[in-house]
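No lab work stands behind these numbers, since they all come straight from the coordinates. All values derive from a computational prediction rather than experimental measurement. Cβ sites come from the backbone with ideal geometry, for glycine too, and all protein chains shown count toward neighbours.
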Amino acid sequence: MFSTLLFIFGALITFVISQECVPYSSPYDFSSGYPTIWETPTSDDFNTDEFQQVYNSIDWSQVPDIEPHQVVNGGLDRSNYPDSDPDCWWTYEQCSAPKAPGLQPDITICPEPETWGLTYDDGPNCTHNAFYDFLSENNQKATMFFIGSNVADWPNEAQRALTDGHQICVHTWSHPYMTSLSNEGVLAELYYARKAIKYVCGVTPLCWRPPYGDVDDRVRAIAQQLNLATIIWNLDTNDWDMEPVGSETPDQIDANFQSFVNMGQNGTFANSGCIVLEHEINNGTMSKAIEWYPKIKSAYQYVVPIATCMNITQPYAETNYTYPSFSEYTGTD
């Protein structure tokens with residue numbers, strides 16, 4: 001048995017979970033037809049007949065000729081990039097309105113006023129049962145950005161998200177800086193993550209979020225030809241950087257949440273809503289999500305997944321999955 005201890009408003013709550021994070025056998029075989037789990041796809045993955053068919057389906061004349069960026073000391077090198085930001089590189093100055101023709105703008109806000117767009121990156125997490133129980137008990141749906149390698153490692157946990165009614169989107173196969181990859185690398189990260197979700201959950205997502213927000217017009221163009229809308233955020237809790245994994249204290253993360261709650265109370269989002277970056281990356285981030293949820297619900301009129309706030313009722317390529325519109329979800333018909 002595995003127990004998760006959470007302090008919520010001074011009360012100790014114990015969630016007892018069976019066999020969490022213990023590898024298990026499943027009918028899903030990722031030993032062939034996929035890159036190595038948690039490794040960036042390589043030329044071996046590019047040279048298969050399957051991938052070549054996908055590669056040849058892309059109209060590469062519609063993909064801007066942009067050189068990949070270099071990763072230096074764990075981050076992207078911006079030193080020689082033009083101040084004019086010709087490639088709408090989000091990492092440079094958070095550009096979300098593409099400059100290349102024919103590309104759809106990134107989704108960065110919920111158009112509905114006083115609305116918190118609820119999103120969680122980096123799942124499925126093998127310890128998320130208590131967190132998903134909490135969401136279910138509150139009849140709360142969210143948008144989950146799943147890493148393909150996590151889906152391969154934890155297929156039952158991925159399936160629970162769909163069963164519970166959450167929206168599933170792609171968050172790449174191995175969580176790289178996407179603008180640092182070749183065209184083949186970008187395509188493989190998106191394609192194999194989407195394929196893993198389809199294999200395990202039976203749905204083909206129509207949305208994705210770039211790790212670290214790292215996207216430019218070249219990457220957007222490839223994603224768009226895979227029918228993947230790019231979703232970013234306009235508020236970042238920075239929960240991923242919380243101690244002991246990261247460098248920020250829990251108090252600093254609390255201050256971020258509190259400032260966003262204040263925005264919900266002071267009219268900042270009176271005309272349109274926000275999309276907030278949170279993570280199910282570990283028990284610390286999920287505990288913070290649970291702790292702050294009541295205050296978020298109190299400060300914002302609506303807390304909804306991104307499909308709902310964008311009035312997307314069919315968030316997958318498969319038409320047998322229909323989600324409620326904003327008015328249906330919120331009861332504002």
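Only one item in [x] 20.0; [y] 20.5; [z] 22.9 matches Kirkwood radius over Cα pairs in Å derived from the coordinates shown, and that item is [y]. Think of each Lys and Arg Cβ as +1 and each Asp and Glu Cβ as -1; about the Cα centre, that makes the dipole of region 211-296 roughly 380 debye. Per-residue extension of 0.36 nm, minus the Cα-Cα distance of D29 and N56, leaves a gain of 7.1 nm for this segment. Shown for the chain: cysteine residues without a partner Cβ closer than 4.7 Å, namely C201, C274. Dipole of the chain computed with +1 at Lys/Arg Cβ and -1 at Asp/Glu Cβ about the Cα centre; of F131, V71, Q53, farthest Cα towards the positive end is F131. Taking the Cα centre of the chain as origin and assigning +1 to Lys and Arg Cβ atoms and -1 to Asp and Glu Cβ atoms, the resulting dipole is close to 720 debye. What residue among Y191, Y212, S180 has its Cα farthest toward the positive end of the dipole of region 176-217, where the charges are +1 on Lys, Arg and -1 on Asp, Glu, each on the Cβ? Final value for the positive-end residue is Y191. Please compute the net charge surrounding N311, taking Lys and Arg as +1 and Asp and Glu as -1 over other residues with Cβ under 15 Å from its Cβ. Result for the local shell: -2.
Taking the centroid of alpha carbons for each part, region 181-209 and region 113-157 are 18 Å apart.
Each of M144, C309, I222 was placed along the dipole of the chain (beta-carbon charges, centred on the mean Cα), and the one lying farthest toward the positive end is C309.
For region 149-260, the ratio of Cα radius of gyration to the globular rule of thumb 2.2 N^0.38 Å stands at 1.18.
As a rough footprinting exposure proxy, the listed residues H175, H279 were ranked by other beta carbons within 10 Å of their own, and the order from fewest upward is H175, H279. Think of each Lys and Arg Cβ as +1 and each Asp and Glu Cβ as -1; about the Cα centre, that makes the dipole of region 178-245 roughly 520 debye.
Take every DSSP beta bridge whose two residues both sit in the chain; close to 30 percent of them are antiparallel.
Ignoring lysines fewer than eight residues from K198 along the same chain, the ones with Cα atoms less than 28 angstrom from its Cα are K141. Local charge sum around Y293 (other residues, Cβ-Cβ under 14 Å, Lys/Arg +1, Asp/Glu -1)? Summing Lys/Arg as +1 and Asp/Glu as -1 gives -3.
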